[in-house]
Amino acid sequence: MTGFTRQSIDQLFSHLSIRKQIYGQFPDQPATRVVYDSREVLPGSIFVALQGGNTDGHLYIPQAIEKGASVIVGSAPPPVNTDVPYVQVEDSRLALGLLSAALYHFPARQLTVIGVTGTDGKTTTANLLYHILIAAGLPAGIISTVNARVGNEIIDTGFHVTTPEAPDLQRILNRMVVAGLSHVVLEVTSHGLAQQRVAGCEFDIGVITNITHEHLDFHKTYEEYRAAKAKLFTGLAETNPKRMSPPRMAVLNRDDSSFDYLRSVTTVPVSTYSIRTNEGEVWIDSIRYEASGTFFTAHGSRFAQEFQSNLVGDYNLSNCAAAIATAVVGLGISPEVVRQGILEMRGVPGRMERVDMGQKFTAIVDFAHTPNALLNSLQTVRRMTNGKVIAVFGSAGLRDREKRRMMAEVSTRWADYSIFTAEDPRTEPVEAILNEMAAGANAAGGEKGNTYWLIPDRREALRAAVKMAGEGDIVIACGKGHEQSMCFGTVEYPWDDRLAMRCALAELLGAACEPMPYLPDTL
C-alpha cells in the first residue's frame, strides 16, 4: 500500500467511534489491510466478518486466522479457543466502513464529496457534474457504475458494482487525495447506503435524481427503499466542516414523488430543480430538440442561461437540471462554465449509445433496467423515428420479480415489437423469467408471435431484432448497457451488448466483425 502513513492497530481502532467490546490484546504492529473476504487475508490483516443474504462471514473466521489475520471483527460473540484478538460490534458493516476510512486517515475529509443517488440517471448526472468540475478548472475525480477516474487514470470498479465495498472505495478516495484532487463525485446506490459501504465518506452535497420501482427484492417495500436513499441526505448533517468545502446542501427533484418526503427528513439547506414548473432554485424551459442536440434555458434567482446538450430525452433534461442546481447553487460555479461542462459531455458508455455498422436503421444500446427507465428510453426513441421501435431486453434473476411484468407491459405499450431474452438469470431458469414477462405483455394486450417473442439466447434475440428492422426503424437493446458480463448460475461470463449488437449487424450486412460473445449452453 502507498499514499498513507501506517498506524498501529490500537490507533486504528481508536477511530472506531461505535460501541464495541474488545477481547484480548492488540498486537504491537502496524495496521496494513482491512478485508471482509477471508481469501484476501494476508499476515497482519484485520478481518471483518459480515453477515449476508447468502453466507455468514463468521463461518470463515478459522480460515482468516489460519492465513495470519491479526484481529477479527464481528457482530457475533467471539469464538472459543483462539488467541487472536476479537472485537465485537453491533454492525460489522458499519465497522468495515469506518475502519477502512480510518486506515487511510479519512481521505474524504480532504475532499469535497458530492453524492448522487436515485433509481435512474445517477451515472449520467454524476458524469455531468464531473465534466462541469473539470470545465471549472477543479481537479476532480469520479466513482460511478462505469468506472472511477483519478486524474488520467481509469479504474475498473467491477462487473455489476455501482458503489464499491468500503475497503475499495476508501482506497480509491485515498488515491485521489495523493493525486492532489480536491473534488469527487460519487454515485451512491441504495445498497451502498443500506450496507454502510459509504460510511466514512462524509458527504458535502447530496443529489437525488428520482425514486421509482427498483430493488424491492432487497428492500422489500418502496418505503424501505426510499428510506435507504434518504440516508444520504440525513447523513449530511453529520459531516463536520472542511477547510475548503462548501456548506452542506441537499439537491432535490421537485418533480419527483420523493420530494416532500426527502425535504421533510433533510435538516441541511435544500436546493431544488424542476423541468415542469418555474418553482425552486433552478428550473428549465424553452426546450427544443434538434439533430445537433437538445437546447434549453435554465433559470435561477440570479441567472438565465441558454444550454446545449448532446444528450436526448426529457429524463436527461432532468439530469442536466440536477447538475446545474448542484454546480451553481451548491458549488458557486458560474452558469457560463456549467454550460461549457454540459456541452463537453458527449455521453456515457452504454446509455443511449448508437451502434453504426452502415445499416439503414438505428441501433442503440441502453442501460434501462427499471420500468421507469425503460419507459423513458422508449418514449425518447419513439420521438426519434416514424418507423418501428423494436425493443430487446430481459429481467434479472434473483432480483425484484414484480418489475418483470411491469417492464413487459411498458414495452408492449411503447414498442412495436418486443423480444424478451436472458439478462443475468443467475440460478433461475430463463424460461421461467420470460414466462412472467409474457404474462405482463399479455395483460397489456400483447400477442405472442405477433407483437412479442420469447428468445432465451440474447445473441439470437439481437439477431432476430436486426432482421426485423427496416429502413428508418430503431432497434434498442436495454438492460446491460456498459456492463461487461452476464451471470448464469453463479458464473459471470464475459458479455458486452455493444459488441453483440455490432456482431449481429455485421452478420446481417455480411461485414467483418469480432466473434459474437459466448454464452453457456445451459440456456
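The values are calculated or read from the model by the stated rules, or taken from the named source; none is laboratory data. For clarity, every value in this text was computed on a predicted model and none was experimentally measured. Quick reminder, even Gly has a Cβ in these numbers, built from the backbone with ideal geometry, and neighbours come from all protein chains shown. Calculation scope for accessible area: heavy atoms of the full protein, side chains included, ligands and nucleic acids excluded. Shrake-Rupley method; radii C 1.70, N 1.55, O 1.52, S 1.80 Å.
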For this session: Mind checking which strands (runs of 3 or more DSSP E) fall wholly inside the range 106-204 and carry at least 2 residues that are open to solvent by 20 Å² or more (accessible area, probe 1.4 Å)?
Result: 153-155
Exercise. Just to be sure, is Arg426 under 25 Å from the mean Cα position of the chain (by Cα), closer than 30 Å to Gly293 by Cβ and basic (Lys, Arg)?
Worked result: no
For this session: Could you grab me the full set of residues in the range 475-507 that are farther than 20 Å from Thr370 by Cβ and of a type in the set (A, V, I, L, M)?
Result: Val475, Val491, Leu499, Ala500, Met501, Ala504, Leu505, Ala506
Exercise. Are any residues in the range 315-345 over 20 Å from the mean Cα position of the chain (by Cα) and surrounded by fewer than 23 Cβ atoms within 10 Å (Cβ to Cβ), and if so, which ones?
Worked result: Leu331, Gly332, Ile333, Ser334, Pro335, Glu336, Val337, Arg339, Gln340, Gly341, Leu343, Glu344
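Among the candidates Leu50, Leu12, Leu16, single out the residue that is more than 14 Å from Leu103 (Cβ to Cβ) and aliphatic (A, V, I, L, M).
Details: Leu12 fails: more than 14 Å from Leu103 (Cβ to Cβ); Leu16 fails: more than 14 Å from Leu103 (Cβ to Cβ).
Answer to the selection: Leu50.
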For this session: Name every residue in the range 7-48 that is of a type in the set (Gly, Ala, Ser) and more than 34 Å from the chain's Cα centre (by Cα), in order of residue number.
Result: Ser8, Gly24
For this session: Report, ordered by the first and then the second residue, all pairs with beta carbons closer than 9 Å, sequence separation of six or more or different chains, a first member in the range 458-487 that is closer than 18 Å to Asp356 by Cα, and a second member that is part of a helix (DSSP H, G or I) and β-branched (Val, Ile, Thr).
Result: Ile474/Val381; Val475/Val466; Ile476/Val381; Gly481/Thr123; His482/Thr123
Problem set entry | Single match in Tyr315, Tyr289 (criterion: aromatic (Phe, Trp, Tyr) and closer than 22 Å to Asn253 by Cα) | Tyr315
Exercise. Taking into account only those residues within the range 501-523 that are within 17 Å of Met486 (Cβ to Cβ) and assigned to a helix (DSSP H, G or I), which is most open to solvent (accessible area, probe 1.4 Å)?
Worked result: Arg502
For this session: Residues that are of a type in the set (A, V, I, L, M, F, W, C): find the strands (runs of 3 or more DSSP E) completely inside the range 1-59 holding 3 or more of those.
Result: 45-48
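When you go through Thr297, Thr266 one by one, which is the residue that is closer than 29 Å to Arg226 by Cβ and either open to solvent by 10 Å² or more (accessible area, probe 1.4 Å) or modelled with pLDDT of 95 or more (or both)? Give the steps one after another, and end with the answer.
Working: Thr297 fails: closer than 29 Å to Arg226 by Cβ.
Result of the check over Thr297, Thr266: Thr266.
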Problem set entry | Of all residues in the range 383-430 being over 20 Å from Glu447 (Cβ atoms) and of a type in the set (Lys, Arg), the one that is surrounded by the fewest Cβ atoms within 10 Å (Cβ to Cβ) | Arg383
Exercise. If you scan the range 360-379, which residues turn out to be among the hydroxyl-bearing types (Ser, Thr, Tyr) and open to solvent by less than 10 Å² (accessible area, probe 1.4 Å)?
Worked result: Thr370, Ser377
For this session: Within the range 492-503, identify whether any single residue is among the hydroxyl-bearing types (Ser, Thr, Tyr), touching a residue at least 40 places away in the same chain (Cβ under 8 Å) and closer than 17 Å to Pro425 by Cα, and answer yes or no.
Result: no
Exercise. Of the residues that sit in the range 335-365 and are modelled with pLDDT of 95 or more and touching a Gly at 6+ places or on another chain (Cβ under 7 Å), which one is nearest to Glu471 (Cα to Cα)?
Worked result: Phe361
Seminar exercise, completed: Restricting attention to the range 436-456, the residues that are open to solvent by 70 Å² or more (accessible area, probe 1.4 Å) and either within 19 Å of Glu402 (Cβ to Cβ) or not in a strand (DSSP E or B) (or both) number exactly 4
Seminar exercise, completed: Here the residues within the range 367-423 that are at pLDDT 95 or above and of a type in the set (Lys, Arg) are Lys388, Arg404, Arg405, Arg413
Problem set entry | Residue ID - most open to solvent (accessible area, probe 1.4 Å), chosen from residues in the range 481-494 that are under 16 Å from Pro520 (Cβ atoms) and part of a loop (DSSP other than H, G, I, E, B) | Thr490
For this session: Mind counting the residues in the range 52-85 that are over 32 Å from the mean Cα position of the chain (by Cα) and surrounded by fewer than 21 Cβ atoms within 10 Å (Cβ to Cβ)?
Result: 15
